[in-house]
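Written out below as structure tokens is the structure these notes cover.
Just so you know, all these numbers are worked out from the coordinates, no wet-lab data involved. Model, not experiment: these values are computed from the prediction. Ideal geometry is used to build each Cβ from the backbone, glycine not excepted, and the neighbour counts take in all protein chains shown.
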Amino acid sequence: MKNVLVTGGLGFIGSHTCVELLQRGYKVIAVDNLSNSEIQVKDRITKISRENIVFQQLDLVQKDEVKSFFEAHAIDSIIHFAASKAVGESVENPLHYYQNNLISLLNLLEASKAYSVNQFVFSSSCTVYGQPDKLPVTEDTPKKPAESPYGNTKQIGEEILEDFCRVNPTFKAISLRYFNPIGAHKSALIGELPLGVPNNLVPFITQTAAGIREKLNVFGGDYDTPDGTCIRDYIHVVDLALAHISALEYADRMEENYDFFNVGTGNGFSVLEVIKSFEKVSGVNLNYEIVDRRPGDIEKIYADTTKVNQKLGWKAKLGLDDMTHSAWEWQKTL
Ligand code: UFG
């Protein structure tokens, strides 16, 4: 069975992916620099899966440490989550984002080449599309100039992988373009742990309902959408984790050596629809107010999932109520 290196393995999507891998018999070697995650997550992963992972605190920007790590561990495949991900912070501190997100990718690819690791799954984002001219957005949709340094690191990351694959025919890489991951594991033992005030909608909703925040600001009520609020394709983090396993399986059979997929449900929901779903599953009346638009927000985006459904054989199973319910169950444990 494969030894899978999961970078950012204690983070939100990484921890859920470790669980799903372990439950399918994969050996998991996780690394994380703990900049946006907690070490206790390691024991939570073991508690859910009843399997141990190998874990090392590692900063992937440190090239020599990455090399020593590959020297010490037999790795068959890599799922690379480790990255900084706050859009606003990336505008404030672009060099940190380019350094952290791109140098770590380069170091991993160099080590993969040196130690003959030939399967790589990359965390990309629907942010590569900007506001698409046509919905739902397919993988053939032209990329728009990135709206933030964070988004740019995802675009450049995809290009680096494609260029690397071109000259390394035995290396198979897959970029997964995530839409909006939310929710938590049904055990409520792992979930999203935002640092400070959350930027993203669902952690802000659950923290408001829990009394940590006074009120949710809904950014913009005058968009060209049925209820005036922005539309996104929210995907349950467990479904997203499973897409990575489908990608690893696909890497064994793919003919070309680089490919990329949208990972969403294919359904768009407005901010008000997410709030309604949350209120229904939690029984809590949320204190919210419609305020001005947030600069940089796109109006609406949701995925065409035909390619990922057909080629990876993966389809999201969990609906919006499962997402908001599990996010609330998790919030209540914090
Ligand atoms: N929103 C609010 N109030 C909040 C937070 C968010 O109304 O307090 C709204 C936003 O305006 C947007 C929707 O909720 O309409 C979703 O916002 P998120 O911040 O949760 O997610 P985004 O779609 O803005 O961002 C996500 C990822 C990014 C990625 C981006 C690409 O978090 O990593 O999609 O579009 F870059």
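Against the main long axis of the alpha-carbon atoms of the chain, helix 271-282 sits at an angle near 90°. Averaging the Cα positions of each part gives two centres, and for the range 174-205 and the range 243-301 these lie 10 Å apart. Comparing mean-square fluctuations of 212, 13, 75 from a GNM of the chain with C-alpha springs under 10 Å, the top value falls on 212. The lysine pair count for the range 125-252, using Cα distances under 27 Å and pairs eight or more places apart or on different chains, is 9.
For the range 82-135 versus the range 148-162, the inter-centroid distance based on Cα atoms is 5 Å. Compared with the alpha-carbon gap, the fully stretched path from residue 103 to residue 289 is longer by 62.9 nm at 0.36 nm per residue.
Compared with the alpha-carbon gap, the fully stretched path from residue 297 to residue 43 is longer by 87.8 nm at 0.36 nm per residue. Think of each Lys and Arg Cβ as +1 and each Asp and Glu Cβ as -1; about the Cα centre, that makes the dipole of the range 1-73 roughly 320 debye.
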